[in-house]
Each structure stands twice: as structure tokens, then as C-alpha cells.
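Derivation of every value follows stated rules applied to the coordinates shown; laboratory data play no part. This structure is a prediction, so every number in the text was calculated from the model and none was measured. Methodologically, a virtual Cβ is constructed for each residue, glycine included, from the backbone with ideal geometry; neighbour enumeration extends over all protein chains shown.
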């Protein structure tokens with residue numbers, strides 16, 4: 001992907017990331033590549049990432065997404081990211097199989113809301129009813145059940161080294177591969 005245009009100027013890859021229903025641990029691992037972020041900045045431009053304040057994803061070459069899909073807003077963000085990304089990478093257990101948020105999948109959504117928000121018969125309790133709140137889905141979905149995913153980077157979270165190796169392989173146009181010892185499940 002990373003290459004040179006006819007004027008001999010290096011062409012930077014445009015990179016975006018976002019998080020859905022999860023703990024943000026995969027993004028913390030991305031930030032844990034530490035000084036390699038400077039190396040990454042030499043070959044990549046950052047769109048929506050924890051390093052920018054961009055709220056909506058523009059066109060990008062590679063998008064990394066963590067977290068499962070648990071509400072209508074997650075669906076919107078995921079579809080926007082997929083529409084704008086040439087390559088979409090599901091990062092971490094929540095994006096790949098729903099992870100810990102999917103533990104609620106064995107329960108009916110009404111039962112979950114009742115347990116969390118209390119008895120609607122008691123004053124001051126009950127499920128919030130506000131248009132600002134995204135509608136919850138019946139269950140937490142892995143992202144590949146909502147959009148097409150090009151690559152999967154497993155882990156909970158993947159280590160900084162695993163993210164670095166995977167991302168740089170993609171940027172350089174190589175098939176990303178991870179050794180089993182590089183996978184992390186904390």
C-alpha cells in the first residue's frame with residue numbers, strides 16, 4: 001500500500017480506528033506501540049483515531065475497529081467505517097466474537113434493562129426513555145455479522161507488538177501473520 005507517486009513523494013496510507021461496545025483495551029494497545037507511533041506517522045496519515053479529534057471517518061486505506069455491536073449507534077458507526085475503508089480489520093475478541101459484552105446474549109434484552117435500571121413501578125427508577133440514547137439491539141453481534149471484514153486480529157487485547165507487526169505488514173502490502181505466541185488474552 002505504502003508507495004511512491006510519480007513525483008517520487010512517498011504516498012502515506014490513511015488510517016482510521018474506532019471503538020464500539022468494549023473496554024477500549026485494543027486502542028490502549030495501539031497507543032502502547034509508544035515511540036513507534038512516530039514511525040507510523042511517517043508512513044500513515046491519521047483519520048478518526050485516539051490521536052485525532054475527528055468524529056466521522058473519511059475515506060481511508062485501513063480501518064481498525066474494536067468492540068462488538070450492541071446498539072443502533074454502533075451499527076451506524078460500523079457501516080460508515082466500512083463504507084469508507086478499503087481494508088477493515090476486526091481487532092480483538094469483542095469485534096471478532098462479541099467478547100465480554102456478549103455475555104448478555106443469553107438473556108432477553110428486557111430482562112437485562114430491568115435488572116440494570118430497576119423496577120419501573122418504583123419512582124425514580126426504570127429504563128430511560130430518551131431520544132438521545134441509542135436503541136439497544138437484541139444481542140451483541142460480532143462485526144462480521146453486520147459488515148464484511150477483511151482481516152481479523154485476535155486477542156484480548158492484542159499486544160502492542162502484535163498490532164505493530166500486523167499493521168505494518170498491511171501498510172507494506174504484505175499478508176499479515178501472527179505467531180501463536182504473539183496472541184494475548186488477559
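Can you give the angle from 0 to 90° between the axis of helix 160-171 and the longest principal axis of the chain, with both taken from C-alpha atoms, to the nearest 10? That helix lies at roughly 60 degrees to the long axis. Put simply, the stretch 90-177 fits an ellipsoid with semi-axes of 38, 12, 12 Å; these come from the alpha carbon gyration tensor as the roots of five times its eigenvalues, largest first.
Taking 0.36 nm per residue of separation and subtracting the current Cα-Cα distance, fully stretching the chain between residue 59 and residue 31 would add 7.9 nm. Each Cα pair under 8 Å and six or more residues apart adds its separation to the average, and for the stretch 42-181 the resulting relative contact order is 27 percent. When each of 59, 148, 82 is scored by the number of other beta-carbon atoms lying within 10 Å, the sequence from fewest to most is 148, 59, 82.
Ranked by the mean number of other Cβ atoms within 10 Å of their residues, highest first, the peptides 68-74, 36-42 come out as 68-74, 36-42.
Computed over the stretch 37-186, the percent of Cα pairs more than 28 Å apart is 29.
The angle between the Cα long axis of helix 72-84 and the longest principal axis of the Cα atoms of the chain comes to about 20 degrees, rounded to the nearest 10.
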